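These notes are about the structure you will find just below.
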Amino acid sequence: MSPAMRGKFLQSALAALAATAVLVAGSATSAQKAPAPKAAAQKKEPSPYLADRLRTDGFLQGGAQYRAQHAQAQWENLAQEDGAVCREALKAAGIKFTSLADRKAPDTKGCGIPHGVMVSQGPTGIRYSPPLVVDCSLAATLPKVEAILQEEAERHLGGPISRVGNLGTYSCRSVRGWAQRISQHALGNAMDFSSFQPKRGRAVTVMRDYVRGGEAPEKPEERFLRAIYQRLWSESGLTRVLGPDWDAAHRDHLHLDRGRRGWRFP
Ligand SMILES: [Zn+2]
């Protein structure tokens, strides 16, 4: 390399180094400035969807106030139903029940059943033990719920279901692990079904016979549970059907409720 060429080479190498330095400095500058556009974006109006999410997710910072608002919205969802019309519908469907006193408002914890009924036997003759203590509007889903149970029992178990065991219905509490969300059980708006006894043969239990979503059910009892789980979700008019796939707290029952979705603060 001639001295002249070496000089040019050094010059271009230095220029390249300088350019790199500018790039590094540039990226450092933009990194330092990064929060600015973020802050500007936060000032923009959130979309209606995001605004709703921010309000409903306010429980992350809130607490008692959020729970009270959530409980009130869920209460109003049930209280707006006409109890007398609903109970007539239960009678017409052949459901055996006794009526509990109506409540005009929830108690101080946000609990209570607006139009309570105690159901001992459903429209297809299924006995519930213990009896279901629920809001009439939830009991009104039993014709569809039992139709699904009986169709799938005939298909997989060779006969109808005569008894459904449950782990309780009414319970004044929050959702397990979500202290700021009132449980639908606190409003008589949920049932936990744990076992299904056919007229002949052994009882099907969620604890023993439920096969997780990713696996193929093989035994008749497993196919029965898979079928009712899927059909209760899509056909029964319930809002939620949660089982062992949901979390460990549901390993031994199917939770069925009619809780209000997408509720908003006034
Ligand atoms: Zn439950």
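Any read-out appearing in this document is the output of simple, stated calculations on the displayed coordinates, not a laboratory observation. Since the model is a prediction, treat every value here as computed from it, not as a measurement. Note that we place each Cβ from the backbone using ideal geometry, even for glycine, and neighbour counts take in every protein chain shown.
Cα to Cα, under 16 Å, and not fewer than 8 places away if on the same chain: which aspartates and glutamates meet these conditions relative to K91?
Straight-line reach from K91, under 16 Å: D82, D135, E146.
For R261 and R200, what does the FRET efficiency come to when R0 = 51 Å and r is the distance between their Cβ atoms, rounded to the nearest 0.05?
0.85
If I take R0 = 25 Å and measure r between the Cβ atoms of E218 and W246 in this structure, what FRET efficiency does the formula 1/(1 + (r/R0)^6) give, to the nearest 0.05? Write down the numbers at each step before the final one.
Working: r = 22 Å, r/R0 = 0.89.
Efficiency for this residue pair is about 0.65.
Please compute the Kirkwood hydrodynamic radius of segment 62-257 from all pairs of different C-alpha atoms, in Å with one decimal.
On the way: mean 1/r = 0.0583 Å⁻¹.
Hydrodynamic radius (Kirkwood, Cα pairs) of segment 62-257 is 17.1 Å.
Please give the FRET efficiency for T98 paired with R155, using the beta carbon to beta carbon distance and R0 = 35 Å, rounded to the nearest 0.05.
On the way: r = 33 Å, r/R0 = 0.95.
FRET efficiency, T98 to R155: 0.60.
In whole Hz and in residue order, list the ³J(HN,Hα) couplings for segment 89-105 that follow from phi through the Karplus curve 6.51 cos²θ - 1.76 cosθ + 1.60, θ = phi - 60°; x for Gly and Pro.
Each residue's phi maps through the Karplus curve to give 5, 5, 4, 4, 7, x, 7, 8, 7, 10, 8, 9, 4, 5, 10, 7, 8 Hz.
Taking the number of other C-beta atoms within 10 Å as the exposure measure, put E88, E222 in order starting with the fewest.
Working: E88 12, E222 18.
If I rank by nearby Cβ atoms, fewest first, I get E88, E222.
What are the residues whose amide H is under 5 Å from the amide H of S162, where those residues sit 5 or more places off or on another chain and H is modelled from the backbone?
Placed amide hydrogens put Q197, K199 under 5 Å from S162.
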